[in-house]
Amino acid sequence: MKKKLTVILTLAGILGTTAAVGAEGIVEKVTGYLQKDVKIVVNGQDSALTPVYIDGKAYLPVRDAATQLGYTVKYDEANKEIELDEAADLMRATGVVVSVQAKDDGSARIELLGSTWVILNADKSTVIKGLDGKTLTAADLKVGTQIDAGFGPAMAMSYPGQAQAVNINVYADRLVKEDTIKEVKHTDDGWQVQLDGLVLNAGKETRVMTSQGESVNWEDLKAGTKVKAYYGPMETKSLPPQSPVYLLVVQAQSPVTGTPKMSPEAAQEYRNLAWAQVKEQASHITTKQDEAAVQIVSSKEAGVLASTDEQKKLLADVQADNGNFVTVTYNTDQDELLGPLTAVFDFNTKAFVGFNARR
C-alpha cells in the first residue's frame with residue numbers, strides 16, 4: 001500500500017541557508033553554513049546532497065532529499081504542510097543509447113534500444129552515475145553509451161513509449177560501426193560476424209534486433225544484411241581486429257532488388273489507398289497527397305504494427321511466404337519526434353496491413 005508521510009519543517013529545511021522574513025511568530029530568519037566536506041550517503045551510495053548546518057544541526061533541502069529517498073513532494077500551501085508520498089515503482093531498461101538530441105536547457109532526448117525500445121528525457125533532475133560513482137550529466141551521454149535506466153512512473157502512449165528518466169547508471173561507451181555483413185558463422189562460443197576490416201564475436205549477452213526493438217534470430221542474418229554494431233570498446237591487435245559485440249541492429253528496410261519498377265499508375269493507386277488510411281492525420285502531414293514516396297519492400301525487413309487480428313494474420317502469412325509489401329510514406333510536422341508516417345499494403349492483394357513503427 002502506498003505510504004504517505006506528512007512533515008512540517010523549518011523554513012531553512014525548505015529554502016536553504018537563509019529564509020525570508022514573514023509574519024511575526026511564524027517565519028524566523030536563520031543563518032546557516034554549507035558543510036561541503038560532509039557526505040550524505042543514501043542506501044550505501046554517495047549522493048549529491050550537501051547539508052546546511054544551523055545551530056549545530058544538519059538540514060537538507062526537502063525536494064532533493066525526498067528524491068534520493070524515493071519520495072515525491074507535494075506542498076499544501078493552505079495548511080503549510082509538505083507531504084512526502086512514496087514514489088511509484090519505476091520501470092527499468094538496459095541497452096545502448098542509439099540517438100541523442102541535446103536541448104538548450106541542458107536536458108537531452110535519448111533513444112534507448114536493448115531490453116526495450118524507449119525514448120527518455122534526461123534533465124538536471126535525473127541522477128546519472130558512472131561505474132566509479134562519479135556524478136555525470138545528460139551531456140555525458142552519447143551514441144554508443146551502454147546504460148541501465150529507471151524511468152516513469154508515467155509513460156506517454158506513443159510508439160516507442162516516452163518517459164522521464166529518474167536515474168541512469170552508465171556502464172561503458174561502446175564503439176559504433178555501420179556496415180554490411182560479409183559472413184556469419186556459428187562457433188563453439190556463439191556466433192561470429194565479419195564486417196569490413198572487423199570480426200565481431202557474440203555471446204549470450206549479445207542482442208540482435210531491428211531498430212524498432214524487434215528480436216532477430218541469428219539464423220536470419222546473412223551476407224549482405226546491413227547492420228549497425230555496438231561493440232568493444234576493446235579490440236585485439238590481430239588482422240583483422242576482433243571485438244565482443246553487445247548489440248547488433250539490423251538496419252531499416254530497403255527496396256527489394258530484382259523487382260520490376262512500379263508503374264506510375266500503380267503507385268498512384270497505392271497513394272490513394274494510403275490517403276484513406278491517414279486522412280485523419282492530414283493536419284500533421286506535410287507531403288502532398290500525390291507526392292508520397294512509394295516503394296516495394298521485403299516483408300522480412302518491414303517493421304509493421306498490425307492492429308486487428310485480420311491484419312496480424314495477413315502480416316504473418318506474407319512473411320511466411322517471403323512476400324513483399326508496398327509502403328507509402330508521408331512526412332509530417334512530427335517527424336523530428338516520431339519519424340515519418342508510413343502505410344503498408346500487401347503487394348499481391350493491396351490489402352492494408354498496418355503502419356510502420358515510428359521512431
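Worth a mention:
- Applying 1/(1 + (r/R0)^6) with R0 = 45 Å to the Cβ-Cβ distance of D89 and S263 gives a FRET efficiency near 0.25.
- Point-to-point label distance, L337-L49, nm (Cα→Cβ direction, 7 Å offset): 3.5
- Charge-dipole axis of the range 140-212 as Lys and Arg at +1 and Asp and Glu at -1 on Cβ define it, positive-most pick from F151, H186, T206: F151
- Distant-in-sequence amide contacts of Q164, defined by a placed amide H-H separation under 5 Å and a gap of 5 or more residues or a different chain, comprise N121, G152.
- Listed residue pairs exceeding 19 Å between alpha carbons, taken from K103/K226; K226/K300; K228/K300; K142/K185: K103/K226; K142/K185
- Paramagnetic label zone (point 7 Å from Cα along Cα-to-C-beta, A102; backbone N under 20 Å) in the range 175-194: 175-176
- GluC sites (Glu not before Pro) restricted to DSSP loop in the range 275-359 with at most 11 other C-beta within 10 Å: none
- Rounded to the nearest Hz, the phi-derived 3J(HN,Hα) couplings of the range 220-236 under the Karplus curve 6.51 cos²θ - 1.76 cosθ + 1.60 (θ = phi - 60°) are 7, 7, 8, 4, x, 6, 8, 9, 10, 9, 10, 9, x, x, 8, 10, 6, where x marks glycine and proline.
- Extension gain, T137-D309: 0.36 nm per intervening residue step, less the Cα-Cα distance, totals 57.5 nm.
- Each residue, Q319 and Y33, gets one label point 7 Å from its Cα in the Cβ direction; the gap between the two is 6.6 nm.
- Cα centre as origin, Lys/Arg/Asp/Glu Cβ charges: the range 75-144 dipole, Debye: 580
Rule-based calculations on the coordinates, nothing more; no lab input. Note that the coordinates shown come from a computational prediction; the quantities given were computed from them, not determined experimentally. Glycine gets a Cβ as well: all are built from the backbone with ideal geometry, and neighbour counts include every protein chain shown.
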